[in-house]
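Chemist: To start, I am sharing the structure in question, which I have written as structure tokens.
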Amino acid sequence: MSYHCRVLVPVPFHYPPGAGARVGAGAGSPFPSASRALRLPRPRASVEKREQVAAMEEQGGQAALGWAARDDSGVLSPYSFSRRWVPKDDDVTIKVLYCGICHTDLHVIKNDWRNAMYPVVPGHEIVGVVTGVGGGVTRFKAGDTVGVGYFVGSCRSCDSCGKGDDNYCAGIVLTSNGVDHAHGGAPTRGGFSDVLVASEHYVVRVPDGLALDRTAPLLCAGVTVYSPMMRHGLNEPGKHLGVVGLGGLGHVAVKFGKAFGMKVTVISTSASKRQEAIENLGADEFLISRDEDQMKAATGTMDGIIDTVSAWHPITPLLALLKPLGQMVVVGAPSKPLELPAYAIVPGGKGVAGNNVGSVRDCQAMLEFAGKHGIGAEVEVIKMDYVNTAMERLEKNDVRYRFVIDVAGSLGSAA
């Protein structure tokens, strides 16, 4: 039997509804890539408060202050707008404390997916404190520490929602740059703002003891790796997990793998990350994927692989690392289709799957696990007036490993 056919595998991840095929601007891109090095001054509180009051009076909603991109330059600047009051019984009003910056935010503000609804207020890794609840809310009360992740709505009636897989609902409402059909089709504004209103069904409780700044990235990066690890049995002590890429997602995958009691090997093109992977994050082994001898020695040793790399890369050598019936899960988003020769998976019965963040149920379970094991992301905390520089650095992968905005310390709150 011949296995020398080739399958091109496009790998969607974090692609919002209506997104195009292109993921990210890079060298030689036909799309503009304006610098975000512009540093804008912090808004004067008195001026912004006046704008907030005006917005509230004109629109009849909860006044909010955020930072938004107005066009595909991606430059963010102060923006006053209106959240809804608490018009539904299940709504929760949240004072935003911290918000992580995900690579998806960069794609959206630059309109890389051609679906930006300007002005765009990014942010879907949100940690805050409840300041008010609707009359029908049963799970939260004022003063609770909570989180909101990648989405704030779903149809709650389809097969996916019925099974608790609301992250795969066709009617999903994204936290930022989504369309809120339940509230007149208004575009959603994310966590780069001082206040958020969301249904309690899409809010999760943050366990006591977790550092809030380090928890924010778990609401996207954390659940994106935790969810497939649970689904594919990559959470059993003694199993061998490979983690491809040591960035925002990869470093959290290493932490979860070790907390599960697994043997963890980091696979990277960069030898300079060996010390970080083993000494700081606790990985057991480190493989340089360009070293043919190292890769050959590790052939057939891994039960599963979490591939977090967003740049195009060959996956056939990675699949060779799997044991028979092993599973590789792709959570990155390369801009070009990955090449999957049939001979790389058929003889060994190996599988390749994708994963899109995680359900609300997954997110809550992930936070509880993180609380039990003291897991948090490695972060660089910034003020809001540094966000344009942070976006520029993120585009160059110049961060260890996630930027987190101290929202409350930058904007205060109108909540």
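Chemist: Given Lys296/Lys372; Lys88/Lys372; Lys296/Lys350; Lys273/Lys396, which pairs have Cα atoms separated by over 26 Å?
Modeler: Check vs 26 Å cut-off fails for Lys296/Lys372; Lys88/Lys372.
Chemist: Over the Cα atoms of the range 331-401, how large are the radius of gyration and the largest Cα-Cα distance (Dmax), in Å?
Modeler: Expressed in Å, the Cα Rg and Dmax of the range 331-401 come to 18.3, 54.
Chemist: Same structure again: For the range 147-216, what Kirkwood radius comes out of the mean inverse Cα-Cα distance, in Å?
Modeler: Final number for the Kirkwood radius of the range 147-216 is 13.1 Å.
Chemist: Can you pull the accessible area of His181 for me, 1.4 Å probe, Å² to the nearest 10?
Modeler: We get 140 Å² for His181.
Chemist: Taking all protein chains as present, what is the carbon and sulfur share of the accessible area of the range 221-354, in % to the nearest whole number, probe 1.4 Å? Mind dumping the intermediate values first?
Modeler: Numbers: 2660 of 5100 Å².
About 52 percent, which is the carbon plus sulfur part of the accessible surface.
Chemist: List the residues, sorted by chain then number, that are 5 or more residues from Val179 or on another chain and whose placed amide H is less than 5 Å from its amide H.
Modeler: Close amide H contacts, sequence-distant or interchain: Leu174, Thr188.
Chemist: How much length is gained if the chain between Ala259 and Arg290 is pulled fully straight, taking 0.36 nm per residue apart and subtracting their Cα-Cα distance, in nm to one decimal?
Modeler: Between Ala259 and Arg290, full extension yields 8.3 nm more.
Chemist: Can you list residues from other chains, or at least 5 along the same chain, whose modelled amide H is less than 5 Å from the amide H of Gly354?
Modeler: Hits under the 5 Å cutoff: Val330.
Chemist: Could you list the square roots of 5 times each eigenvalue of the Cα gyration tensor of the range 80-223, that is, the equivalent ellipsoid semi-axes, sorted largest first and rounded to whole Å?
Modeler: Semi-axis lengths for the range 80-223 are 21, 19, 16 Å.
Chemist: Arrange the residues Lys296, Lys336, Lys273, Lys110 by how much accessible surface each exposes, largest first, with a 1.4 angstrom probe.
Modeler: Working: Lys296 160, Lys336 115, Lys273 70, Lys110 5 Å².
Per-residue accessible area, sorted high to low, gives Lys296, Lys336, Lys273, Lys110.
Chemist: How large is ³J(HN,Hα), in whole Hz, for each residue of the range 293-302 in order, when computed from phi with the Karplus curve 6.51 cos²θ - 1.76 cosθ + 1.60 and θ = phi - 60°, using x for Gly and Pro?
Modeler: 5, 4, 5, 5, 5, 9, 4, x, 10, 10
Chemist: Which of the aspartates and glutamates could be linked to Lys163 by a straight reach, that is with a Cα gap under 18 Å, when you skip same-chain ones fewer than 8 residues away?
Modeler: Result set, ordered by chain and number: Asp362.
Chemist: Would you rank Tyr386, Tyr150 by solvent-accessible area, highest first, keeping every protein chain in place and using a 1.4 Å probe?
Modeler: Result of the area sort, largest leading: Tyr386, Tyr150.
Chemist: Here is a follow-up. How big is D, in µm² s⁻¹, for the range 221-354 by Stokes-Einstein at 10 °C and 1.306 mPa s if Rh is the Kirkwood radius over C-alpha pairs? Numbers along the way, then the final one.
Modeler: Values: Rh = 14.4 Å.
Estimated via Stokes-Einstein, D reaches 110 µm²/s.
Chemist: Taking amide H positions as placed 1.01 Å from N in the peptide plane, with prolines and chain starts having none, which residues 5 or more places from Ala63, or on another chain, fall under 5 Å of its amide H?
Modeler: Arg83
Chemist: So, one more: Using Cα positions and a limit of under 12 Å, work out the aspartates and glutamates in reach of Lys255, with same-chain residues fewer than 8 apart set aside.
Modeler: Within the straight-line limit of under 12 Å, Lys255 reaches these aspartates and glutamates: Asp284, Glu378.
Chemist: HN-Hα J couplings of the range 110-120 from phi, Karplus 6.51/-1.76/1.60, θ = phi - 60°, integer Hz, Gly and Pro as x?
Modeler: These are the phi-based 3J(HN,Hα) values: 8, 6, 4, 9, 6, 9, 5, 10, 6, x, 9 Hz.
Chemist: Here's another thing I want to ask about it. Report ³J(HN,Hα) in whole Hz for each residue of the range 131-137, in order, from the Karplus equation J = 6.51 cos²θ - 1.76 cosθ + 1.60 where θ = phi - 60°; Gly and Pro get x.
Modeler: Values, residue by residue: 10, x, 9, x, x, x, 6 Hz.
Chemist: With charges only on Cβ, +1 for K and R and -1 for D and E, what is the dipole size of the range 221-354 about its Cα centre, in debye, rounded to 20? Write out the running numbers ahead of the final one.
Modeler: Working: 12 positive and 11 negative charges, 46 e Å.
The dipole of the range 221-354 has a size of about 220 debye.
Chemist: Turning to a different aspect of this structure: Just read off the accessible area of Asp284 with the full protein assembly in place, 1.4 Å probe, to the nearest 10 Å².
Modeler: Answer for Asp284: close to 70 Å² accessible.
Chemist: Excluding ligands, DNA and RNA, what is the solvent-accessible area per residue of the range 221-354 at a probe of 1.4 Å, expressed in Å²?
Modeler: About 38 Å² of surface per residue is accessible.
The values are calculated or read from the model by the stated rules, or taken from the named source; none is laboratory data. Predicted model only: the values in this text are computed from it and were never measured. Positions of Cβ are backbone-derived with ideal geometry, glycine not excepted, and every protein chain shown enters the neighbour counts. Heavy atoms of the whole protein, side chains included, go into the accessibility calculation; ligands, DNA and RNA do not. Shrake-Rupley method; radii C 1.70, N 1.55, O 1.52, S 1.80 Å.
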